[in-house]
């Protein structure tokens, strides 16, 4: 009897997802012996037309850099797949390197979406968007990136949610950014003084030394784990921000408006030192609130503070909201072919 494991998870999903528009689906796979439309994400984006979907399948290798002025929808398979059980049949992520989403007088990447993608940045500030309504969801971004503007448009109205990220920056004149349900590492986030009308909610700031620089924004339901977080805008003052229902390890927001000050972060989560795999918990699962956590029910309207609270809670391993094959076994005998397939959706 011969048994084989499916080499990637998204192939069969293509047969399960009905495409109701004229947009095309492109498969990208750089594994040896596999057949797909392309082996790099840049080649797929170059061939795509606005609105097309690109599936990046599991691989131990990166799919390279991407620079585009087209609206594209990109799905990866998630991350920490070796740590969280029953997420994908194959535990390799979908990784790209430097990323630039741009626009000019004739075309724009406005409306592009990236979900379940690992972005491994090798050049400073090379995850850059200068277009509107960009969404990063359930991605892990291992380096600095930002929303900027150019002569044609800016990144107003963009969203980053349910991600793991570091060094998130928003340039002058970029507004209406939503940053929620993210795990945010060093050095936190920086919004320019001229950025306004943004929402920063249900995030966990985990760095031992980080900052929250923003203006004219709403900051709510967040957990700040460091006593050394600096507070204000790049000019050092707070400009018309509203802070409520946050939990901090220092007294940066005081105790008015539902804020809790001087809370020991080691008492909040199932792991006393979250950020690394501990016990039976994964790297991201370590941020689940403990049964006695002060963050439980402490948010606006009685919801939890932190990444698992709110209307769009963080999803372990960044699994996209698609039918996902988390187990596949093919049994080939002399008389019959048996397929054992397990699928679920998030």
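The values are calculated or read from the model by the stated rules, or taken from the named source; none is laboratory data. This one's a predicted model, so the numbers in the text were calculated from it and none came from an experiment. For neighbour counting, all protein chains shown are included, and Cβ atoms are generated from backbone atoms with ideal geometry for every residue, glycine included.
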Mind listing just one residue for me: the one in region 300-346 that is under 30 Å from residue 256 (Cα atoms) and out of contact with any strand residue (DSSP E or B) (no Cβ under 7 Å at 6 or more places or on another chain) and, of those, modelled with the lowest pLDDT?
-> 301
Can you tell which of 60, 54 is in a strand (DSSP E or B), closer than 19 Å to residue 90 by Cβ, under 24 Å from the mean Cα position of the chain (by Cα) and modelled with pLDDT of 50 or more?
-> 54
Identify the single condition in (1) more than 16 Å from residue 136 (Cα to Cα); (2) free of Cβ contacts under 8 Å to residues at least 40 places away in the same chain; (3) in contact with a helix residue (DSSP H, G or I) (Cβ under 6 Å, 6 or more places away or on another chain) that residue 32 does not satisfy, given that it satisfies every other one.
-> (3)
Within region 87-120, the count of residues that are in a loop (DSSP other than H, G, I, E, B) and over 22 Å from residue 282 (Cα atoms) comes to 11
Residue in region 63-86 that is farthest from residue 136 (Cα to Cα), counting only those that are touching a strand residue (DSSP E or B) at 6+ places or on another chain (Cβ under 6 Å) and either outside any loop (DSSP other than H, G, I, E, B) or at pLDDT below 90 (or both) | 86
Sole residue being out of contact with any helix residue (DSSP H, G or I) (no Cβ under 7 Å at 6 or more places or on another chain), buried (at least 22 other Cβ atoms within 10 Å of the Cβ) and modelled with pLDDT of 95 or more, chosen from 89, 44 = 44
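For residues that are closer than 13 Å to residue 94 by Cα and in contact with a helix residue (DSSP H, G or I) (Cβ under 6 Å, 6 or more places away or on another chain), tally how many sit in region 65-80.
Here is the first cut: in region 65-80, the residues closer than 13 Å to residue 94 by Cα are 65, 74-80.
Add one more test, that the residue is in contact with a helix residue (DSSP H, G or I) (Cβ under 6 Å, 6 or more places away or on another chain), and what stays is 78-80.
Residues meeting the conditions: 3.
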Of all residues in region 273-299 being within 18 Å of residue 245 (Cα to Cα) and out of contact with any strand residue (DSSP E or B) (no Cβ under 9 Å at 6 or more places or on another chain), the one that is surrounded by the most Cβ atoms within 10 Å (Cβ to Cβ) | 297
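Among residues belonging to region 149-189 that are part of a loop (DSSP other than H, G, I, E, B), in contact with a strand residue (DSSP E or B) (Cβ under 9 Å, 6 or more places away or on another chain) and modelled with pLDDT under 70, point out the one that is surrounded by the most Cβ atoms within 10 Å (Cβ to Cβ). Step through it out loud before you land on a result.
Let us first name the residues in region 149-189 that are part of a loop (DSSP other than H, G, I, E, B), namely 150-153, 155-158, 162-163, 166-167, 171-177, 181-182, 185-187.
Filter once more, so that each one left must be in contact with a strand residue (DSSP E or B) (Cβ under 9 Å, 6 or more places away or on another chain): 150, 152-153, 155-158, 162-163, 166-167, 171-177, 181-182, 185, 187.
Subset that is modelled with pLDDT under 70: 150, 152-153, 155, 171-173, 187.
Values: 150: 13, 152: 15, 153: 16, 155: 28, 171: 18, 172: 13, 173: 14, 187: 19.
By that ranking, first place goes to 155.
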Tell me, please, whether a residue that is modelled with pLDDT under 90 and either over 25 Å from the mean Cα position of the chain (by Cα) or farther than 17 Å from residue 304 by Cα (or both) can be found in region 219-227.
-> yes
